[in-house]
Amino acid sequence: MSALTNKKILIISPQYWGKMFVSKHHYAVELARRNNTVYFLNPIDIKPTNRKEAIKIHPVISEPNLYFVEHRLWFPFQIKFHATGLFHYLMRFHVKKLMAVIQQDFDIVWSFDLGDFIPLKYIPARLHVFHPVDEPMNQTAILSARGADIIFSTTDQIRKKYGKYAVPSYKIQHGLSNAFLKYFDQKENNDGRIRVGMSGNLTRKDIDRKTLLNIIKSHPEIEFNLWGAYNSKHTNIGGGEDSQTQEFIQAMQQFSNVIFHGPVVTEKLAEDLRSMDAFLICYFPGDDPETGTNYHKVLEYLSIGKVIISSFITEYDNKRELVEMPAERNNQSLSLLFSKVISNLESFNASNKVQQRQSYAHDNTYHAQVTRMELLIQQHFILNGKP
(Lines give C-alpha, C1' and ligand atoms only; values in the text may rest on other atoms or scores of the structure.)
Protein backbone atom coordinates (compact mmCIF):
# COMPACT_ATOMS: atom_id res chain seq x y z
CA MET A 1 0.00 0.00 0.00
CA SER A 2 1.21 3.50 -0.80
CA ALA A 3 2.70 5.44 2.11
CA LEU A 4 1.17 8.72 0.92
CA THR A 5 -2.25 7.75 -0.43
CA ASN A 6 -5.56 7.35 1.42
CA LYS A 7 -4.06 8.71 4.63
CA LYS A 8 -5.13 11.29 7.20
CA ILE A 9 -2.44 13.95 7.34
CA LEU A 10 -1.98 16.99 9.60
CA ILE A 11 0.35 19.71 8.28
CA ILE A 12 1.76 22.12 10.86
CA SER A 13 2.59 25.36 9.06
CA PRO A 14 4.39 28.55 10.15
CA GLN A 15 2.39 30.47 7.50
CA TYR A 16 -1.36 30.99 7.31
CA TRP A 17 -3.56 29.62 4.58
CA GLY A 18 -4.28 32.39 2.09
CA LYS A 19 -3.83 33.68 -1.45
CA MET A 20 -0.03 33.56 -1.44
CA PHE A 21 1.36 30.02 -1.63
CA VAL A 22 4.77 28.81 -0.52
CA SER A 23 5.97 25.23 -0.25
CA LYS A 24 3.77 24.30 2.73
CA HIS A 25 0.60 25.22 0.85
CA HIS A 26 1.68 23.45 -2.33
CA TYR A 27 2.51 20.25 -0.44
CA ALA A 28 -0.90 20.36 1.21
CA VAL A 29 -2.58 20.57 -2.20
CA GLU A 30 -0.45 17.81 -3.72
CA LEU A 31 -1.10 15.47 -0.79
CA ALA A 32 -4.84 16.19 -0.93
CA ARG A 33 -4.89 15.35 -4.64
CA ARG A 34 -3.48 11.91 -3.80
CA ASN A 35 -6.74 11.09 -2.05
CA ASN A 36 -5.42 11.91 1.40
CA THR A 37 -7.54 13.84 3.88
CA VAL A 38 -5.34 16.82 4.73
CA TYR A 39 -5.73 19.33 7.56
CA PHE A 40 -3.54 22.43 7.28
CA LEU A 41 -2.96 23.85 10.76
CA ASN A 42 -2.42 27.61 10.68
CA PRO A 43 0.04 29.27 13.07
CA ILE A 44 -1.43 30.25 16.41
CA ASP A 45 -3.67 33.29 16.08
CA ILE A 46 -2.36 35.68 18.73
CA LYS A 47 -5.46 37.89 18.87
CA PRO A 48 -7.06 38.38 22.30
CA THR A 49 -8.52 35.16 23.64
CA ASN A 50 -12.05 34.24 22.60
CA ARG A 51 -12.83 30.77 23.91
CA LYS A 52 -16.12 30.46 22.05
CA GLU A 53 -14.39 30.78 18.68
CA ALA A 54 -10.99 29.37 19.57
CA ILE A 55 -10.88 26.64 16.89
CA LYS A 56 -12.44 26.76 13.42
CA ILE A 57 -12.17 24.31 10.52
CA HIS A 58 -12.67 25.61 6.98
CA PRO A 59 -12.91 23.52 3.80
CA VAL A 60 -10.75 24.64 0.88
CA ILE A 61 -13.38 24.98 -1.83
CA SER A 62 -11.06 24.14 -4.73
CA GLU A 63 -9.69 20.98 -3.06
CA PRO A 64 -12.33 18.59 -1.67
CA ASN A 65 -9.91 16.69 0.59
CA LEU A 66 -8.26 19.75 2.11
CA TYR A 67 -9.16 21.82 5.19
CA PHE A 68 -7.40 24.62 7.04
CA VAL A 69 -7.68 25.11 10.78
CA GLU A 70 -7.65 28.40 12.68
CA HIS A 71 -6.89 28.25 16.40
CA ARG A 72 -6.36 30.62 19.29
CA LEU A 73 -5.05 29.93 22.76
CA TRP A 74 -6.95 30.15 26.01
CA PHE A 75 -3.77 31.40 27.74
CA PRO A 76 -1.40 34.29 26.90
CA PHE A 77 0.75 33.56 23.85
CA GLN A 78 3.65 35.62 25.29
CA ILE A 79 4.35 32.85 27.82
CA LYS A 80 6.28 31.13 25.02
CA PHE A 81 9.04 33.73 25.24
CA HIS A 82 9.23 34.02 29.04
CA ALA A 83 8.47 30.51 30.35
CA THR A 84 8.86 27.98 27.54
CA GLY A 85 8.37 24.98 29.82
CA LEU A 86 5.04 26.32 31.06
CA PHE A 87 4.01 27.19 27.50
CA HIS A 88 4.60 23.63 26.31
CA TYR A 89 2.82 22.23 29.36
CA LEU A 90 -0.26 24.32 28.51
CA MET A 91 0.09 23.47 24.81
CA ARG A 92 -0.54 19.81 25.67
CA PHE A 93 -4.07 20.77 26.69
CA HIS A 94 -4.50 23.04 23.66
CA VAL A 95 -3.49 20.20 21.33
CA LYS A 96 -5.98 17.88 23.03
CA LYS A 97 -8.71 20.45 22.35
CA LEU A 98 -7.58 20.72 18.73
CA MET A 99 -7.72 16.97 18.23
CA ALA A 100 -11.14 16.80 19.88
CA VAL A 101 -12.51 19.38 17.44
CA ILE A 102 -10.80 17.97 14.33
CA GLN A 103 -11.90 14.43 15.24
CA GLN A 104 -9.32 12.59 13.14
CA ASP A 105 -6.84 9.88 14.02
CA PHE A 106 -3.89 11.05 11.94
CA ASP A 107 -1.63 8.64 10.14
CA ILE A 108 0.99 11.33 9.51
CA VAL A 109 1.90 14.61 11.19
CA TRP A 110 4.01 16.74 8.83
CA SER A 111 5.63 19.76 10.47
CA PHE A 112 7.27 22.76 8.78
CA ASP A 113 7.35 24.61 12.13
CA LEU A 114 10.77 26.02 13.10
CA GLY A 115 9.38 27.83 16.15
CA ASP A 116 8.83 24.74 18.35
CA PHE A 117 5.27 25.85 19.04
CA ILE A 118 3.69 22.40 18.75
CA PRO A 119 6.13 19.59 19.56
CA LEU A 120 5.59 16.64 17.24
CA LYS A 121 5.28 14.17 20.11
CA TYR A 122 2.11 15.90 21.31
CA ILE A 123 0.09 14.56 18.38
CA PRO A 124 -0.25 10.77 18.09
CA ALA A 125 0.46 9.44 14.58
CA ARG A 126 2.02 6.50 12.81
CA LEU A 127 4.67 8.77 11.31
CA HIS A 128 6.07 12.17 12.30
CA VAL A 129 7.76 14.09 9.48
CA PHE A 130 9.88 17.19 10.11
CA HIS A 131 10.46 19.32 7.00
CA PRO A 132 12.62 22.46 7.48
CA VAL A 133 12.50 24.28 4.14
CA ASP A 134 14.10 27.42 5.59
CA GLU A 135 17.42 28.02 7.32
CA PRO A 136 17.26 27.27 11.09
CA MET A 137 18.40 30.54 12.64
CA ASN A 138 18.49 29.54 16.32
CA GLN A 139 18.46 26.66 18.77
CA THR A 140 14.67 26.72 18.91
CA ALA A 141 14.57 25.74 15.23
CA ILE A 142 16.82 22.77 15.96
CA LEU A 143 14.73 21.68 18.95
CA SER A 144 11.64 21.73 16.71
CA ALA A 145 12.73 18.38 15.21
CA ARG A 146 12.26 16.49 18.49
CA GLY A 147 9.94 13.56 18.01
CA ALA A 148 10.49 13.27 14.24
CA ASP A 149 10.76 9.84 12.63
CA ILE A 150 12.19 11.20 9.38
CA ILE A 151 13.55 14.59 8.23
CA PHE A 152 13.42 16.20 4.78
CA SER A 153 15.05 19.51 3.89
CA THR A 154 15.82 21.67 0.86
CA THR A 155 19.60 21.91 1.27
CA ASP A 156 22.33 19.65 2.63
CA GLN A 157 23.54 22.50 4.86
CA ILE A 158 20.16 22.66 6.60
CA ARG A 159 19.82 18.89 6.81
CA LYS A 160 23.22 18.46 8.47
CA LYS A 161 22.24 20.86 11.26
CA TYR A 162 19.78 18.22 12.46
CA GLY A 163 22.46 15.52 12.57
CA LYS A 164 22.13 15.02 16.33
CA TYR A 165 18.78 13.32 15.80
CA ALA A 166 19.18 9.60 15.18
CA VAL A 167 16.62 9.47 12.39
CA PRO A 168 17.04 9.28 8.60
CA SER A 169 17.28 12.63 6.82
CA TYR A 170 17.25 13.49 3.12
CA LYS A 171 17.59 16.51 0.86
CA ILE A 172 14.49 17.14 -1.23
CA GLN A 173 14.60 20.10 -3.63
CA HIS A 174 11.75 22.61 -3.59
CA GLY A 175 8.80 21.69 -5.78
CA LEU A 176 7.12 23.20 -8.82
CA SER A 177 3.36 23.68 -8.86
CA ASN A 178 1.31 22.06 -11.62
CA ALA A 179 0.21 25.55 -12.68
CA PHE A 180 3.68 26.11 -14.15
CA LEU A 181 3.60 22.91 -16.21
CA LYS A 182 1.15 24.38 -18.69
CA TYR A 183 3.62 26.79 -20.21
CA PHE A 184 6.55 25.63 -22.29
CA ASP A 185 6.32 28.74 -24.46
CA GLN A 186 6.90 32.37 -23.60
CA LYS A 187 4.91 35.43 -24.55
CA GLU A 188 7.10 37.58 -26.75
CA ASN A 189 6.98 41.34 -26.24
CA ASN A 190 6.54 43.37 -29.42
CA ASP A 191 7.10 46.85 -28.01
CA GLY A 192 10.85 46.40 -27.60
CA ARG A 193 10.87 47.13 -23.87
CA ILE A 194 12.72 44.72 -21.60
CA ARG A 195 10.62 43.36 -18.74
CA VAL A 196 12.14 41.96 -15.55
CA GLY A 197 10.02 40.00 -13.08
CA MET A 198 10.21 39.57 -9.32
CA SER A 199 7.77 37.64 -7.16
CA GLY A 200 7.47 37.18 -3.42
CA ASN A 201 6.85 39.10 -0.24
CA LEU A 202 8.31 42.60 -0.64
CA THR A 203 8.01 43.26 3.12
CA ARG A 204 10.67 40.63 3.92
CA LYS A 205 13.52 42.07 5.93
CA ASP A 206 16.19 39.99 4.20
CA ILE A 207 15.74 41.80 0.88
CA ASP A 208 18.88 43.76 0.00
CA ARG A 209 16.90 46.95 -0.41
CA LYS A 210 19.83 49.23 -1.18
CA THR A 211 21.09 47.05 -4.02
CA LEU A 212 17.61 46.51 -5.43
CA LEU A 213 16.83 50.23 -5.45
CA ASN A 214 20.17 50.91 -7.12
CA ILE A 215 19.48 48.38 -9.88
CA ILE A 216 16.05 49.84 -10.60
CA LYS A 217 17.31 53.43 -10.52
CA SER A 218 20.19 52.57 -12.88
CA HIS A 219 17.88 51.05 -15.49
CA PRO A 220 14.97 53.43 -16.16
CA GLU A 221 14.56 51.85 -19.60
CA ILE A 222 13.61 48.49 -18.05
CA GLU A 223 10.12 47.71 -16.75
CA PHE A 224 10.26 45.93 -13.38
CA ASN A 225 7.15 43.85 -12.61
CA LEU A 226 6.58 42.87 -8.98
CA TRP A 227 4.12 40.24 -7.79
CA GLY A 228 3.44 39.71 -4.10
CA ALA A 229 2.60 41.54 -0.90
CA TYR A 230 3.86 45.06 -0.37
CA ASN A 231 2.03 45.76 2.89
CA SER A 232 1.05 43.61 5.85
CA LYS A 233 -2.62 43.52 4.82
CA HIS A 234 -1.71 41.65 1.63
CA THR A 235 0.26 38.80 3.10
CA ASN A 236 -0.53 35.52 4.82
CA ILE A 237 3.16 34.52 5.01
CA GLY A 238 4.61 37.17 7.33
CA GLY A 239 6.86 40.19 6.85
CA GLY A 240 7.88 43.52 8.31
CA GLU A 241 5.67 46.47 9.28
CA ASP A 242 8.42 48.75 10.57
CA SER A 243 9.19 52.25 9.29
CA GLN A 244 12.20 51.07 7.24
CA THR A 245 9.99 48.61 5.35
CA GLN A 246 7.41 51.31 4.67
CA GLU A 247 10.11 53.70 3.46
CA PHE A 248 11.47 51.02 1.12
CA ILE A 249 8.05 50.34 -0.41
CA GLN A 250 7.40 54.06 -0.80
CA ALA A 251 10.77 54.48 -2.53
CA MET A 252 9.89 51.67 -4.94
CA GLN A 253 6.55 53.25 -5.69
CA GLN A 254 8.26 56.47 -6.78
CA PHE A 255 9.81 54.77 -9.82
CA SER A 256 7.75 55.08 -13.00
CA ASN A 257 9.32 51.87 -14.35
CA VAL A 258 8.07 49.70 -11.44
CA ILE A 259 4.68 47.99 -11.64
CA PHE A 260 3.12 46.47 -8.50
CA HIS A 261 0.73 43.62 -9.28
CA GLY A 262 0.11 42.66 -5.64
CA PRO A 263 -0.50 39.08 -4.49
CA VAL A 264 -2.08 36.79 -7.08
CA VAL A 265 -3.06 33.12 -7.13
CA THR A 266 -0.49 30.65 -8.45
CA GLU A 267 -2.27 30.13 -11.76
CA LYS A 268 -2.28 33.86 -12.49
CA LEU A 269 1.38 34.21 -11.53
CA ALA A 270 2.36 31.33 -13.81
CA GLU A 271 0.63 32.97 -16.75
CA ASP A 272 1.95 36.47 -16.06
CA LEU A 273 5.59 35.40 -15.71
CA ARG A 274 5.58 34.12 -19.29
CA SER A 275 5.89 37.67 -20.62
CA MET A 276 9.09 38.43 -18.69
CA ASP A 277 12.50 38.65 -20.39
CA ALA A 278 14.48 38.02 -17.19
CA PHE A 279 14.02 37.49 -13.46
CA LEU A 280 15.74 39.14 -10.50
CA ILE A 281 16.35 37.85 -6.95
CA CYS A 282 17.98 40.23 -4.48
CA TYR A 283 18.40 38.98 -0.90
CA PHE A 284 21.24 39.27 1.60
CA PRO A 285 23.13 36.02 0.96
CA GLY A 286 25.05 35.88 4.24
CA ASP A 287 28.74 35.14 4.73
CA ASP A 288 28.48 31.79 6.53
CA PRO A 289 29.34 28.90 4.15
CA GLU A 290 27.33 26.59 6.41
CA THR A 291 24.17 28.59 5.74
CA GLY A 292 21.89 26.85 3.28
CA THR A 293 19.77 29.02 0.99
CA ASN A 294 17.24 27.85 -1.56
CA TYR A 295 14.21 29.82 -2.71
CA HIS A 296 10.94 28.33 -3.84
CA LYS A 297 10.56 30.94 -6.60
CA VAL A 298 13.70 29.78 -8.45
CA LEU A 299 11.96 26.68 -9.83
CA GLU A 300 9.03 28.82 -10.94
CA TYR A 301 11.36 31.13 -12.86
CA LEU A 302 13.27 28.17 -14.31
CA SER A 303 10.02 26.69 -15.60
CA ILE A 304 9.53 29.80 -17.75
CA GLY A 305 13.06 29.38 -19.10
CA LYS A 306 14.26 32.98 -19.16
CA VAL A 307 17.51 34.00 -17.45
CA ILE A 308 17.63 34.49 -13.67
CA ILE A 309 19.99 37.09 -12.15
CA SER A 310 20.33 36.44 -8.44
CA SER A 311 22.20 37.07 -5.24
CA PHE A 312 24.14 34.00 -4.06
CA ILE A 313 22.02 30.87 -3.49
CA THR A 314 23.77 27.92 -1.85
CA GLU A 315 21.71 25.28 -3.64
CA TYR A 316 22.64 26.64 -7.07
CA ASP A 317 26.34 27.26 -6.43
CA ASN A 318 27.14 24.08 -8.39
CA LYS A 319 24.35 24.69 -10.91
CA ARG A 320 25.50 28.00 -12.34
CA GLU A 321 24.31 27.00 -15.79
CA LEU A 322 20.81 27.56 -14.39
CA VAL A 323 21.19 30.78 -12.38
CA GLU A 324 23.48 33.77 -12.98
CA MET A 325 25.07 34.67 -9.62
CA PRO A 326 28.07 36.65 -8.39
CA ALA A 327 31.16 34.54 -7.77
CA GLU A 328 31.38 35.75 -4.17
CA ARG A 329 28.91 35.38 -1.31
CA ASN A 330 27.86 39.03 -1.32
CA ASN A 331 26.03 41.49 -3.54
CA GLN A 332 28.87 43.89 -4.31
CA SER A 333 28.91 42.89 -7.98
CA LEU A 334 25.23 42.05 -8.39
CA SER A 335 24.37 45.37 -10.05
CA LEU A 336 27.23 44.93 -12.51
CA LEU A 337 26.15 41.35 -13.23
CA PHE A 338 22.59 42.51 -13.84
CA SER A 339 23.77 45.08 -16.40
CA LYS A 340 25.98 42.51 -18.12
CA VAL A 341 23.18 39.98 -18.49
CA ILE A 342 20.59 42.53 -19.61
CA SER A 343 22.94 43.83 -22.30
CA ASN A 344 23.33 40.26 -23.65
CA LEU A 345 19.81 38.93 -23.25
CA GLU A 346 19.72 37.21 -26.63
CA SER A 347 22.67 35.05 -25.64
CA PHE A 348 21.44 34.30 -22.11
CA ASN A 349 17.97 33.44 -23.46
CA ALA A 350 19.17 31.22 -26.27
CA SER A 351 16.81 28.30 -26.94
CA ASN A 352 19.22 25.64 -25.60
CA LYS A 353 19.57 27.52 -22.30
CA VAL A 354 15.80 27.99 -22.05
CA GLN A 355 15.27 24.25 -22.55
CA GLN A 356 17.93 23.37 -19.96
CA ARG A 357 16.28 25.55 -17.33
CA GLN A 358 12.80 24.24 -18.09
CA SER A 359 13.95 20.63 -18.02
CA TYR A 360 15.42 21.01 -14.53
CA ALA A 361 12.27 22.68 -13.22
CA HIS A 362 9.96 20.07 -14.70
CA ASP A 363 12.00 17.29 -13.07
CA ASN A 364 11.20 18.82 -9.68
CA THR A 365 7.43 19.18 -9.54
CA TYR A 366 5.61 18.78 -6.25
CA HIS A 367 4.21 15.55 -7.64
CA ALA A 368 7.75 14.29 -8.27
CA GLN A 369 9.00 15.39 -4.84
CA VAL A 370 6.11 13.72 -3.01
CA THR A 371 6.75 10.54 -4.99
CA ARG A 372 10.42 10.67 -3.98
CA MET A 373 9.50 11.18 -0.32
CA GLU A 374 6.92 8.42 -0.53
CA LEU A 375 9.61 5.92 -1.56
CA LEU A 376 11.85 7.06 1.30
CA ILE A 377 9.00 6.77 3.80
CA GLN A 378 8.17 3.27 2.57
CA GLN A 379 11.83 2.35 2.96
CA HIS A 380 11.73 3.74 6.51
CA PHE A 381 8.74 1.54 7.35
CA ILE A 382 10.41 -1.55 5.89
CA LEU A 383 13.66 -0.97 7.81
CA ASN A 384 11.70 -0.51 11.05
CA GLY A 385 9.50 -3.55 10.52
CA LYS A 386 6.28 -1.56 10.21
CA PRO A 387 3.54 -2.56 7.71
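Within segment 1-60, being among the polar types (S, T, N, Q), touching an Asp or Glu at 6+ places or on another chain (Cβ under 8 Å) and at pLDDT 95 or above holds for S13, N42. Close contacts from segment 121-138, counting a first residue that is of a type in the set (K, R) and a second that is surrounded by fewer than 20 Cβ atoms within 10 Å (Cβ to Cβ), with Cβ to Cβ under 7 Å and a gap of 6+ residues or different chains, come to K121/R146; K121/G147; R126/D107. Restricting segment 16-37 to residues that are in contact with a helix residue (DSSP H, G or I) (Cβ under 6 Å, 6 or more places away or on another chain) and in a loop (DSSP other than H, G, I, E, B) leaves a set whose member that is farthest from L376 (Cα to Cα) is F21.
For a quick check of your reading: which strands (runs of 3 or more DSSP E) sit entirely within segment 78-166 and have at least 2 residues that are among the acidic types (D, E)? In segment 78-166, no matching strands (runs of 3 or more DSSP E) lie anywhere.
The values are calculated or read from the model by the stated rules, or taken from the named source; none is laboratory data. Just so you know, these numbers come straight off a predicted model, no measurement behind them. All Cβ positions, glycine included, derive from the backbone under ideal geometry; neighbour counts span all protein chains shown.
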